[in-house]
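Asks: Okay, handing you the structure first.
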Amino acid sequence: MPPADSFLREQSLRQPEVNYPLEVFLCGNCGMSQLGYTVPPDILYQQDYPYESSTTRAGRAHFLGFATSVAQRFGLGEKNLAIDVGSNVGVLLDGFKSVGCRTLGIEPAASIAATAVGRGIETINDFISSKLAMQIVEKHGKASVITATNVFAHIDDLDGFMRATGILLESDGVLIVEAPHFLKLVNDLEYDTIYHEHLLYISIRPLNILFNRFGFEVIDVEEIGIHGGSIRIYISRRGAYQVDKAVNDVITAEEHDRIFDFERMCQFAEDVANHRITLINMLRSLKADGASLVGVSAPAKGMTLLNYCRIGPDLLDFVTEKSRLKVGLYTPGGHIPIIPDEALADRQPDYALLLAWNFAEEIMENLSEYRAGGGKFIIPIPEPYVV
């Protein structure tokens, strides 16, 4: 498949489009599920990288609540430095600033980093490394908290990340990773979360093996609802904090549901293939009956769904989007035109395939005029159904 965020301008539609293998492998030693092929990060996080973390109201509220709860739990204030790796436009750091912390973002996408700086969030446009970590410590001092929200799974060199973390963190500092939980992905058939930026599919047991090699350990795990079911993982130096029983509870659940078992993963793959058949048959049947179909929202996960299910402009007339960075472009692979959300009610198609299903309630509320006009939404995951 093409990278999920490689949206195209009209003048690029006639040019060759590069595709890369998208296959998930299970490690027989540690149990980590991860991609077998890594697309170079300078291809994935290009100058015009189109993801902004502040697009939804629910997302902004989530990050503010995240920062507030962490500051309260660890007693953070004006003397403490909070670093966000993969900080995007700085929404999470806004939260840490609001509780009085000093903040610093690390963001490799140049255009996104520039937006953050324009919003008043000090941001370094670079990838995290030991060299950068030493430069940060020399200028800013050590961090009390390092966050990596929906970015840890994007990192190819995890050893390098942990070495940099060891340099950056205070002795009682905390690394907090937030990511979709592979257990939830498997059980709820959220296979659209698989794309080239997501190198790892996070579970606790194999991560602890990694952290232990660098003198760290998982001290707590919280389940949170964002992105279809994520986990917030608290990591510190070994012995710095008491390990909460939630850590063992999550590992027990992972083992009970056999996500480290190859036979279970083969069944998951079969379920994914069957889902494709069900969804495409639904859309083709509606189209055959004369219905007009479009897509709503163009997240990376939606591009996995469209390309894996081979849903193109023959089925969807267009895709609507709220993000100014994607409007006017075309979807990777299928080349479906992307137009503003406001056009949905104007054109009033019969059905809208909701690709950002993890924010379904908010999106449907925002597009209530379309529903009032008789339009219906199709929620694709875990089983397609019409709202």
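Asks: When residue 328 is evaluated against the numbered criteria (1) assigned to a loop (DSSP other than H, G, I, E, B); (2) on the phi < 0 side of the Ramachandran plot; (3) among the small types (Gly, Ala, Ser), which criterion, by number, is the only one it fails?
Replies: The failed condition is (2).
Asks: Could we say that residue 227 is over 20 Å from residue 70 (Cβ atoms), modelled with pLDDT under 95 and buried (at least 19 other Cβ atoms within 10 Å of the Cβ) here?
Replies: So residue 227 fails the test.
One line per residue, one yes/no per condition, for (1) in a strand (DSSP E or B); (2) over 17 Å from residue 178 (Cβ atoms):
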site: 207; (1), (2): no, no
site: 222; (1), (2): yes, no
site: 231; (1), (2): yes, no
site: 242; (1), (2): no, yes
site: 267; (1), (2): no, yes
site: 275; (1), (2): no, yes
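Asks: On to the next question. Which is crowded, with 20+ Cβ neighbours inside 10 Å, within 19 Å of residue 246 (Cα to Cα) and either over 14 Å from the mean Cα position of the chain (by Cα) or not small (Gly, Ala, Ser) (or both), of 145, 151, 218, 186?
Replies: Going through 145, 151, 218, 186 in turn, the sole match is 218.
Asks: Considering only residues that are buried (at least 23 other Cβ atoms within 10 Å of the Cβ) and more than 16 Å from residue 34 (Cβ to Cβ), which ones fall in the range 154-172?
Replies: The answer is 164, 165, 168, 169.
Asks: Moving on. Evaluate the following for residue 353: is it under 28 Å from residue 8 (Cα atoms), in contact with a strand residue (DSSP E or B) (Cβ under 9 Å, 6 or more places away or on another chain) and in a helix (DSSP H, G or I)?
Replies: no
Asks: Continuing with this model, one more query. Within the range 67-85, can you find the residues that are surrounded by 24 or more Cβ atoms within 10 Å (Cβ to Cβ) and within 15 Å of residue 168 (Cβ to Cβ)?
Replies: To start, the set of residues in the range 67-85 that are surrounded by 24 or more Cβ atoms within 10 Å (Cβ to Cβ) comprises 67, 82-85.
Scanning the range 67-85 gives 82, 83, 84, 85.
Asks: As an exercise: evaluate residue 117 against (1) surrounded by fewer than 16 Cβ atoms within 10 Å (Cβ to Cβ); (2) touching a strand residue (DSSP E or B) at 6+ places or on another chain (Cβ under 8 Å); (3) over 23 Å from residue 70 (Cα atoms) and give the number of the one condition it does not meet.
Replies: Among (1) surrounded by fewer than 16 Cβ atoms within 10 Å (Cβ to Cβ); (2) touching a strand residue (DSSP E or B) at 6+ places or on another chain (Cβ under 8 Å); (3) over 23 Å from residue 70 (Cα atoms), residue 117 violates only (1).
Asks: Further question: Quick check on my filter: what residues within the range 364-387 are among the aliphatic types (A, V, I, L, M) and in a loop (DSSP other than H, G, I, E, B)?
Replies: Listed by number, the residues that qualify are 367, 381, 387.
Asks: Kindly list, by first and then second residue, each pair from a residue in the range 267-291 that is of a type in the set (A, V, I, L, M) to a residue that is in a helix (DSSP H, G or I), limited to pairs with Cβ atoms under 6 Å and residues at least 6 apart or on different chains.
Replies: 272/191
Asks: Among the residues of the range 251-265, write down those that are crowded, with 16+ Cβ neighbours inside 10 Å and not in a loop (DSSP other than H, G, I, E, B).
Replies: Selection gives 251, 253, 254, 265.
Asks: Tally the residues that are of a type in the set (S, T, N, Q) and in the same structural domain as residue 219 (by TED's automatic domain parsing), restricting the search to the range 248-284.
Replies: Result for the range 248-284: 2.
Asks: What are the residues in the range 66-98 that are assigned to a loop (DSSP other than H, G, I, E, B), closer than 19 Å to residue 142 by Cβ and not small (Gly, Ala, Ser), if any?
Replies: Selection gives 76, 78, 79, 80.
Asks: For the range 99-114, name all the residues that are part of a helix (DSSP H, G or I) and crowded, with 24+ Cβ neighbours inside 10 Å.
Replies: First, the residues of the range 99-114 that are part of a helix (DSSP H, G or I): 110-114.
The one that is part of a helix (DSSP H, G or I) and crowded, with 24+ Cβ neighbours inside 10 Å: 112.
The values are calculated or read from the model by the stated rules, or taken from the named source; none is laboratory data. Everything numeric in this text was worked out from a predicted model, so none of it was measured. Backbone-built Cβ (ideal geometry, glycine too); neighbour counts: all protein chains shown.
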